[in-house]
Amino acid sequence: MPSIKGDIIAQIELAGGRHDEADIYDGPAGDLGLTGGPGSMSWEINGDLASVSGAGMAAILMEVLHPSVMHGVFTQSSYRTNPYERSRNTLGYVLRSTFGNTAAATAVIEKVKKIHGYVNGTRADGVAYRALDPELIAWVHTCIPWAIMMAFDRYTRPLSRAEKDQYLTEQAVIGRMGGAEWVPETVSELEDYVERMRPLMAFNDQTRQFADFLLGTSGDVATTRRQRFESWMGLHGSMTMMPDWARKMTGTYHSRFVEHFVLEPNEKLKSRIVRWAVGEMPCKAMALVRVARSRAAEASDGITAAEPQRQVAWNTLLDTPVIAAPGQRQP
């Protein structure tokens with residue numbers, strides 16, 4: 001079993017990064033960060049790597065269904081030349097804003113805002129956009145906790161409506177800090193918001209090329225038949241959590257039979273493997289140490305717990321066995 005665990009650790013380092021930086025996850029004793037600390041729904045849900053990773057494909061595809069978001073990604077990102085960059089950045093943003101100390105979490109949000117300040121353009125249909133438009137920020141923000149919450153509810157444990165509302169409210173802090181003027185804070189608001197946004201969504205040629213890249217069928221890099229199959233299963237399985245209209249728009253809609261007997265069991269199996277194998281992620285373990293550490297102890301012996309805690313946590317960390325990016329060899 002150690003070799004299996006080692007292989008999975010290598011895969012998350014490749015695809016998702018380590019996320020054990022002391023300057024982000026350590027910090028002032030008792031600092032709860034931005035989303036409420038150990039008693040929050042955000043720490044429970046975003047601390048479940050299986051849910052975060054299982055939601056990733058759906059969240060990304062839902063984001064880029066907005067043509068302005070898609071145009072910015074298509075023309076001003078390096079997803080073709082650095083296929084892991086977006087997944088690392090997205091995962092890092094979720095973990096840092098959730099488990100980072102207040103100053104570090106705020107800094108990463110401000111950094112992303114600064115980068116987005118340079119992203120603007122005009123779509124093929126003549127519509128001008130800027131990435132810092134509060135409405136675009138709201139949509140991109142919403143897709144992430146929406147998908148993660150759905151994955152946790154389906155594959156970890158059922159969430160009550162009150163728990164979902166609490167989670168969305170906690171996550172809304174990040175959305176507003178990121179530049180949104182308003183984001184949904186309850187399930188009812190989320191459902192109404194998605195319906196209002198639905199007419200703005202489109203699956204255009206850029207979206208099609210982006211989806212082909214996710215599936216390994218774009219021709220940008222060579223892929224094996226197995227890689228393409230696993231990518232197809234991952235994308236279509238992740239999208240089972242999204243509304244029917246989105247799945248029909250993206251070509252990921254299937255009969256209930258296929259969903260129930262093929263796609264969902266595969267997603268559930270991956271989730272169980274992750275949950276069987278993974279201890280607490282290093283970032284959460286370090287954040288828990290930060291919150292629990294007393295100021296008196298910190299003053300007496302210095303901040304010495306972070307490095308050993310980070311190493312112990314990382315040694316137990318495993319991620320879902322994702323395939324290598326198109327053109328990359330399996331670790």
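Placing R0 at 41 angstrom, the Cβ-Cβ distance between residue 198 and residue 7 gives a FRET efficiency of 0.50 after rounding to 0.05. Against the main long axis of the alpha-carbon atoms of the chain, helix 264-277 sits at an angle near 20°. Radius of gyration (Cα atoms) of the chain, expressed as a multiple of 2.2 N^0.38 Å: 0.98. For residue 266 and residue 212, the difference between the fully extended length at 0.36 nm per residue and the C-alpha to C-alpha distance is 17.3 nm. Diffusion coefficient (Stokes-Einstein, Kirkwood radius over C-alpha pairs, 25 °C, 0.890 mPa s) for the range 88-234: 141 µm²/s, rounded to a whole number. The C-alpha atoms of the chain define a longest principal axis, and helix 225-238 lies at about 80 degrees to it. Local charge for residue 172 was computed over the other residues whose Cβ lies under 14 Å away, with Lys and Arg +1 and Asp and Glu -1, and equals -3. Here the label points at residue 111 and residue 81, each 7 Å from Cα along the C-beta direction, are separated by 2.1 nm in the simple model.
As an exercise, identify the chymotrypsin sites (Phe, Trp or Tyr not before Pro) in the range 115-185 lying in DSSP coil whose Cβ has no more than 16 other Cβ atoms within 10 Å. Loop-located and lightly packed - 118, 182. Centroid-to-centroid, using Cα positions, the range 16-74 and the range 134-202 are 13 Å apart.
For the range 136-213, the calculated P(r), taken from all Cα-Cα distances in 5 Å bins from zero up to the bin holding the longest distance, is 3, 14, 22, 21, 18, 13, 7, 2 percent.
Calculated mean residue ellipticity at 222 nm for the chain: -19000 deg cm²/dmol, from DSSP H runs with n ≥ 4 weighted as -39500 (n - 2.57), summed, divided by the residue count and rounded to 500.
Here each label is just a point 7 Å from Cα along the line to Cβ, and for residue 182 and residue 205 those points are 3.6 nm apart. For the cross-link pairs 114/270; 113/284; 114/268; 5/114; 164/268, the ones whose C-alpha atoms lie over 26 Å apart are 114/270; 114/268; 5/114. Normalised by the number of residues in the chain, the mean separation of alpha-carbon contacts (under 8 Å, six or more apart) gives a relative contact order of 30 percent.
A short reminder: the numbers here are calculations on the coordinates, not readings from a lab. What you are looking at is a predicted structure, and each value in this text was computed from that prediction instead of being measured. Every residue, glycine among them, receives a Cβ derived from its backbone with ideal geometry; neighbour counts consider all protein chains shown.
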